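Take a look at the structure set out below.
The values are calculated or read from the model by the stated rules, or taken from the named source; none is laboratory data. All values derive from a computational prediction rather than experimental measurement. Please note: Cβ atoms are built from the backbone with ideal geometry, for glycine as well, and neighbour counts cover all protein chains shown. In case anyone asks, the SASA skips ligands and DNA or RNA and just uses the protein heavy atoms, side chains included. Shrake-Rupley method; radii C 1.70, N 1.55, O 1.52, S 1.80 Å.
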Amino acid sequence: MNQIPPLLPTQMHEIEYKIHGDDMQFVEIELDPQEAVVAEAGGMMFMDDGIAMETIFGDGSGRSGSGILGALLGAGKRLLTGESLFMTVFQNQAAGKKHVAFGAPYPGKIIPIRLSDLGGELIAQKDSFLCAAKGVSIGIAFQKRIGVGLFGGEGFIMQRLTGDGWAFVHAGGTLLERTLGPGEVLRVDTGCIVAFQPGVDYDIQYVGGVKTALFGGEGLFFATLRGPGRIWLQSLPFSRLAGRIVAAASQTGKGGREEGSVLGGLGRMIDGDNS
């Protein structure tokens, strides 16, 4: 079996891509010979013959040091974000151009971001990363304030993407891209944050007011983003989508009351379901 050669820390693979679809998108990446892309395990949609797939510790960028110790350090950082210890590298080992595609995990938009256009760094929600050109380092970004650490929920430990190449992140629902001016503040639900530039100050604040906290339905805490810098937000966090599905399944399991009353009962009779 052909082994994928190690990548020098400063070497970024120049990939080309095309995003397909509207609400359920996938990104198709074109790889020249020996070019590679790194992705979360299980994100691949299809790949051409001639592309070698290898599971590795960490992100394969080589930025955490050399040898086994560096690999374990990179993998350990990923473990802290709640992700798998392993990532998958897809490298074109054929003589001509080949393609590999990665699908979005749920309805939304795939955002292509060239890290060199952002100063070489991006802070992203841990569940939003989809794939990147090999050479991009995927680490962790701890928030310094204790409030963020204790109450940040989904936004506490985020991923730090560094390098000069292309990275692809996924936003659930509708995407909002906005540039905050110096000192401009935006209050956001923690799950709605997709990514932001490292120059954006991020903190967690208490909603305020006992009535609002208990009955407002928006949780006890929200995030504040303070400019300057670009931010990306999503209208449908996966946690919100999953919560609605679980709630609907629970109601259906209690007699099917959410199926439409008379029509729901008639449908079950026609199907022969008399339970």
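Some notes on this structure:
- Members of the stretch 15-34 found to be modelled with pLDDT under 95, charged (D, E, K, R) and surrounded by 12 or more Cβ atoms within 10 Å (Cβ to Cβ), listed by number: Glu16
- Of all residues in the stretch 204-238, those satisfying the criterion of being in contact with a Leu (Cβ under 9 Å, 6 or more places away or on another chain), open to solvent by less than 50 Å² (accessible area, probe 1.4 Å) and modelled with pLDDT under 85 are Ile204, Val207, Ala213.
- Close contacts from the stretch 103-117, counting a first residue that is within 12 Å of Ala132 (Cβ to Cβ) and in contact (Cβ under 8 Å) with a residue 40 or more places away in the chain and a second that is open to solvent by 50 Å² or more (accessible area, probe 1.4 Å) and among the hydroxyl-bearing types (Ser, Thr, Tyr), with Cβ to Cβ under 9 Å and a gap of 6+ residues or different chains, come to Pro112/Tyr17.
- Filtered residues of the stretch 167-182 (kept if within 26 Å of Val37 (Cα to Cα) and in a strand (DSSP E or B)): Ala167, Phe168, Val169, His170, Ala171, Gly172, Leu175, Glu177
- Looking only at the stretch 35-75, and only at residues there that are assigned to a strand (DSSP E or B) and at pLDDT below 90, the one that is surrounded by the fewest Cβ atoms within 10 Å (Cβ to Cβ): Thr55
- Contacts under 6 angstrom Cβ, first residue in the stretch 228-244 being charged (D, E, K, R), partner open to solvent by less than 70 Å² (accessible area, probe 1.4 Å) and not in a helix (DSSP H, G or I), 6 or more apart: Arg230/Gln197
- Within the option set Ile138, Ile110, being buried (at least 19 other Cβ atoms within 10 Å of the Cβ) and at pLDDT 90 or above holds for one residue only, Ile110.
- Residues (at pLDDT 95 or above and more than 16 Å from Leu118 (Cα to Cα)) located in the stretch 176-196: Leu176, Pro182, Gly183, Glu184, Val185, Leu186
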